[in-house]
There are 2 protein chains.
Amino acid sequence: MGKLPNIGKYPFRAEPFRCDFTKHLFIGNLGNDLLNTADFHSNDRGYGVIFLQSIHKTWVLSRLAIELEKVPYIYEKFNIETWVDSVMRFFTSRNFKISNDEGTIFGYGKSIWAMIDTDSRQPIDILEINNGVISQYLEKDYFNPIEKLSRVKISENLQLVKTLEPKFCDIDINGHVNSIKYIEHIFDLFPLKIFQTKRVKRLEIAYITESHIGEVLHFYTDKAIETEQNETAIRITKDSEVGEIEVCRSKVVFCGI
Amino acid sequence: MGKLPNIGKYPFRAEPFRCDFTKHLFIGNLGNDLLNTADFHSNDRGYGVIFLQSIHKTWVLSRLAIELEKVPYIYEKFNIETWVDSVMRFFTSRNFKISNDEGTIFGYGKSIWAMIDTDSRQPIDILEINNGVISQYLEKDYFNPIEKLSRVKISENLQLVKTLEPKFCDIDINGHVNSIKYIEHIFDLFPLKIFQTKRVKRLEIAYITESHIGEVLHFYTDKAIETEQNETAIRITKDSEVGEIEVCRSKVVFCGI
């Protein structure tokens, strides 16, 4: 059996129940599709969570950016290609391209992942896993034009706009708030009318600290959420014994439809 | 080309991002899968929303029941079979069977659908659509053992437990609160610890009135939600000019894991 290609390609569709009131795929659902391809691609190549479970390790999403020229429309089919272009001891960089068989490019994504020990929650040297198998599948030449992931710089002058306690449907298989649910809660901060005249051009999110069942989350935004500016910064914090600590920070950039 | 079979069969999988903290598929996600098969099955047979859109009609889910012996576990593959066993002027009855290639039966579903005119919002005679094509695909003999759909009788002595205004991620392609989002909000009413020792045996929901962008929803439950009883009734209402009106009523039955 030959070695699998460096790039994995997976088919998806914008089923009606995954679309918003503008009949375009919810960005949260697209995010889930991206994470699913990361899962398929890494499992098929021997460094996914199916193997990692057996040695008490797991992947943790650290940063994600999605940049879109076009959002898949109801019933539209699309493919997601994913590949890893670099790996360091504690971080790996995974790319996504969203396009269709007719050559339309919907957009691209970039992400940074860490690996942790599920018992100690400490970071793990990725290159030591399964004899460094991940290095055999690096793809450095496939085009991804979007801006690289930043630390998501945001102003300190943010206002508290929402507080919520995560519920059953927010919690993932690890007992943490699901990475994509943060994104959905972020979109739910915006007045609905924004989505009638604008679409998401870029979404960026950095996951700083995990939050768990029973912890209370606070959402802060800058003024852009209520004005005509197209760029909004969001910080999510949680209560802890040492005061509020940062859970994630995100930036949403809208553009005209 | 021969006529399609009366029963449609579609493959699914419990991808990790669709699973809850017990590593079983979220019931809401299973519900989405069921509704997707209804969509595929009816479109392929000439009476789905793709055709209906062209004549300004659409299907509306009126009632849904899901009864489960077992919930798909993370990475588990399963198939959903769906078929219509009866059609009347204003309602049709659609069935679901959830099983896998090895013969494991996860459970069954039953649903009732109406058809409406999307301009007038009035009910439509289903038998007049596309020369009554739906009648050509009735399947009356395939086994579905679960209790038939009731009107979901619930006590009048319910307590208000939550009020919320639906947000962007709650709204479907028609501008209404998504049928499955009601189910997710219902599960989010329960204390998380219930899901550590119990699983959903039966979920039943009747959709009475649609709710729209900007309307406020109220969730009422009986005392079972806080006690050791396994059966909980939920009523969702919305504010209207004539006072609170009923949006849906639901019953969730848990059993030991």
Quiz item: Within region A:39-74, can you find the residues that are polar (S, T, N, Q), away from chain B (no Cβ under 11 Å) and more than 11 Å from the chain's Cα centre (by Cα)?
Solution: A:Ser42, A:Ser54
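Here's the yes/no breakdown for (1) over 23 Å from B:Gly214 (Cα atoms); (2) part of a strand (DSSP E or B); (3) out of contact with any strand residue (DSSP E or B) (no Cβ under 7 Å at 6 or more places or on another chain); (4) within 14 Å of chain B (Cβ to nearest Cβ):
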residue: A:Glu128; (1), (2), (3), (4): yes, no, yes, no
residue: A:Pro145; (1), (2), (3), (4): yes, no, no, no
residue: A:Glu156; (1), (2), (3), (4): yes, no, yes, no
residue: A:Leu160; (1), (2), (3), (4): no, yes, no, no
Quiz prompt | Any chance B:Lys193 is farther than 29 Å from B:Lys148 by Cα, at the interface with another protein chain (Cβ under 8 Å from one of its Cβ atoms) and among the basic types (Lys, Arg) | solution = no
Exercise. Within region A:1-31, track down each residue that is part of a helix (DSSP H, G or I) and aromatic (Phe, Trp, Tyr).
Key: A:Phe17
Quiz item: Where residues in region A:230-253 are over 17 Å from the mean Cα position of the chain (by Cα) and among the hydrophobic types (A, V, I, L, M, F, W, C), which of them is modelled with the lowest pLDDT?
Solution: A:Val242
Quiz item: Across region A:163-190, which residue is surrounded by the fewest Cβ atoms within 10 Å (Cβ to Cβ) among those that are more than 7 Å from every other protein chain (Cβ to nearest Cβ), in a strand (DSSP E or B) and not polar (S, T, N, Q)?
Solution: A:Leu164
Quiz item: A:Leu34: outside any strand (DSSP E or B), in the same structural domain as A:Thr104 (by the TED database) and touching a strand residue (DSSP E or B) at 6+ places or on another chain (Cβ under 8 Å), yes or no?
Solution: yes
Practice problem: Of the conditions (1) hydrophobic (A, V, I, L, M, F, W, C); (2) under 23 Å from B:Arg18 (Cβ atoms); (3) at pLDDT 95 or above, B:Ile173 clears all except one; give me its number. | Solution: (3)
Practice problem: Scan (1) away from chain B (no Cβ under 14 Å); (2) among the hydroxyl-bearing types (Ser, Thr, Tyr); (3) touching a residue at least 40 places away in the same chain (Cβ under 8 Å) for the single condition A:Ser99 breaks and write down its number. | Solution: (3)
Self-check item: region A:214-257, subset touching an Asp or Glu at 6+ places or on another chain (Cβ under 9 Å), more than 29 Å from A:His24 (Cα to Cα) and β-branched (Val, Ile, Thr), residue surrounded by the most Cβ atoms within 10 Å (Cβ to Cβ)
Solution: A:Thr237
Quiz item: Residue check: is B:Glu139 within 21 Å of the chain's Cα centre (by Cα) and surrounded by 14 or more Cβ atoms within 10 Å (Cβ to Cβ)?
Solution: yes
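To keep it simple, each residue is scored yes or no on (1) at the interface with another protein chain (Cβ under 9 Å from one of its Cβ atoms); (2) under 30 Å from B:Leu61 (Cα atoms); (3) buried (at least 18 other Cβ atoms within 10 Å of the Cβ); (4) of a type in the set (Phe, Trp, Tyr).
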{"position": "A:Gly2", "(1), (2), (3), (4)": "no, no, no, no"}
{"position": "A:Lys9", "(1), (2), (3), (4)": "no, no, no, no"}
{"position": "A:Asp20", "(1), (2), (3), (4)": "yes, yes, yes, no"}
{"position": "A:Lys23", "(1), (2), (3), (4)": "yes, yes, no, no"}
{"position": "A:Phe26", "(1), (2), (3), (4)": "yes, yes, yes, yes"}
{"position": "A:Asn29", "(1), (2), (3), (4)": "no, yes, yes, no"}
{"position": "A:Asn32", "(1), (2), (3), (4)": "yes, yes, yes, no"}
{"position": "A:Thr37", "(1), (2), (3), (4)": "no, no, yes, no"}
Practice problem: Considering (1) crowded, with 20+ Cβ neighbours inside 10 Å; (2) out of contact with any helix residue (DSSP H, G or I) (no Cβ under 6 Å at 6 or more places or on another chain); (3) of a type in the set (Phe, Trp, Tyr), say which one B:Tyr75 fails and leave the rest. | Solution: (1)
Quiz prompt | Every residue from region A:62-84 that is among the acidic types (Asp, Glu) and outside any strand (DSSP E or B) | solution = A:Glu69, A:Glu76
Quiz item: From the set of residues in region B:84-105 that are crowded, with 23+ Cβ neighbours inside 10 Å and not basic (Lys, Arg), which is nearest to the chain's Cα centre (by Cα)?
Solution: B:Phe96
Exercise. Examine region B:48-61 for a residue that is touching a helix residue (DSSP H, G or I) at 6+ places or on another chain (Cβ under 6 Å), farther than 23 Å from B:Val253 by Cβ and not in a strand (DSSP E or B), and state whether such a residue exists.
Key: yes
Quiz item: Is it true that some residue in region B:50-59 is over 30 Å from B:Phe195 (Cα atoms), surrounded by 20 or more Cβ atoms within 10 Å (Cβ to Cβ) and of a type in the set (A, V, I, L, M)?
Solution: yes
Quiz item: Of the conditions (1) buried (at least 16 other Cβ atoms within 10 Å of the Cβ); (2) part of a loop (DSSP other than H, G, I, E, B), A:Thr209 fails just one. Which one is it?
Solution: (1)
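The values are calculated or read from the model by the stated rules, or taken from the named source; none is laboratory data. Quantities reported herein were computed from a predicted structural model and do not represent experimental measurements. Virtual Cβ from ideal backbone geometry, glycine too; neighbours counted across all protein chains shown.
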